[in-house]
Structures are given as C-alpha cells and as structure tokens.
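For reference, the structure is listed below as structure tokens.
The values are calculated or read from the model by the stated rules, or taken from the named source; none is laboratory data. None of the values given here were measured: they were computed from a predicted structure. Here the Cβ positions follow ideal geometry from the backbone for every residue, glycine too, while neighbour counts run over all protein chains shown. Note: areas computed on protein heavy atoms with side chains; ligands, DNA, RNA excluded. Shrake-Rupley method; radii C 1.70, N 1.55, O 1.52, S 1.80 Å.
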Amino acid sequence: MVRQLIGIFICLCLQFLLLAPPALASVHVYHERPGQTTLRSQQSLRDLNDHSWQAILFKRYRPDGLDGLYLRLVGFPGVADVDPKKPLTINTGTALEWQATPKLDPPTPALPDNTNQYDFTPVMDNLQKAIPLTLAVPLQGKAPSEIIVPPYAVKEWRELAAQTIE
C-alpha cells in the first residue's frame, strides 16, 4: 500500500514536471504613456569584487519610431561612483571588444552617482552569439569594476534587441 502511494506520488510529480509550461523570458513590455512603449530586461549581476549591480537593457519606442537601445548599470550607493563621461568597455575574452558611449535617453535628465547609461546599439548589432561578456565599468578615482555577464543574460539581451513593436 505504501509502495503504491509512493509510486502514484512519483508519477504525479513526473507528470507535473513534464507538462509544465515553458519558462517565460524576463523581457517585459511597458506601455509608459500613449505612444511610448519600452521593452526591458533586468539582471542582477556581481562584479569581480562581489559587489551587486543591476544591469537593465531597454529600448524605447515613441510614435516616430525607435528612440534607442540603452544599457543602464546601477551599483550599490556609496560603493560604486560611476564616471559618467567615460565609455563602458565590453569584452568577450577573445578578440572582440567594444566601447559603449555614455548616453541618456531623452526622458532621463540625470542619474545618481552610482548609475550610468550607455548607448548599446552598436554592441548588440555586432554581437552574434550568446557568449559571456565582461563589462569594465569606469569608476571615479578607482580602477574599473568588472562585471561578468553570463550567456543566459546575453541571450535575453539578444532576444530583446531583436524584438520590435507593431
């Protein structure tokens, strides 16, 4: 009797796992105001010093078309003061390396010291695979903070960059 109950329980668990819906990507669509839509991916990542960062890739559409594709990096306040004028260096660990220039989207007048935003269109246009990336974030008065972006996050970024709004 106990063996039968255990067998039934295992069968139900396996059935649940096999019939579970696929996991949804964490690319979110926001209709911020009439005519303005934003697609966003947010990842919690750590740098090589084990400090936490939020990496938010987003693109915003306005009535006249695409406004831009941006990567916003947010460090912990008081731990990382990002240099707002220096470019972000993106490295694949092989021969590929890009520079992303600092650029604010039009609705954002300014960002706090622990945050900066970069034009990420050239990077995503040239990134052909979901491979790990190293982001060298320029800091004020310190060596750059190196954030490792895992392949699953790069895959999500590539999916977001490929999406369009009808």
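Tabulated results
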item	result
Of all residues making up the range 88-132, the number that are of a type in the set (Val, Ile, Thr) and within 17 Å of residue 41 (Cβ to Cβ)	5
Count - residues of the range 115-144 that are open to solvent by less than 20 Å² (accessible area, probe 1.4 Å), within 24 Å of residue 76 (Cβ to Cβ) and either among the aromatic types (Phe, Trp, Tyr) or assigned to a loop (DSSP other than H, G, I, E, B) (or both)	3
Qualifying residue in the range 90-100 (condition: closer than 21 Å to residue 164 by Cα, open to solvent by 50 Å² or more (accessible area, probe 1.4 Å), modelled with pLDDT under 95 and not small (Gly, Ala, Ser))	no
Every residue from the range 62-87 that is open to solvent by less than 70 Å² (accessible area, probe 1.4 Å) and either over 13 Å from residue 140 (Cα atoms) or of a type in the set (D, E, K, R) (or both)	62, 65, 67, 68, 69, 70, 71, 72, 73, 74, 81, 83
Residue in the range 65-84 that is under 27 Å from residue 30 (Cα atoms), of a type in the set (Lys, Arg), in a strand (DSSP E or B) and in contact (Cβ under 8 Å) with a residue 60 or more places away in the chain present	no
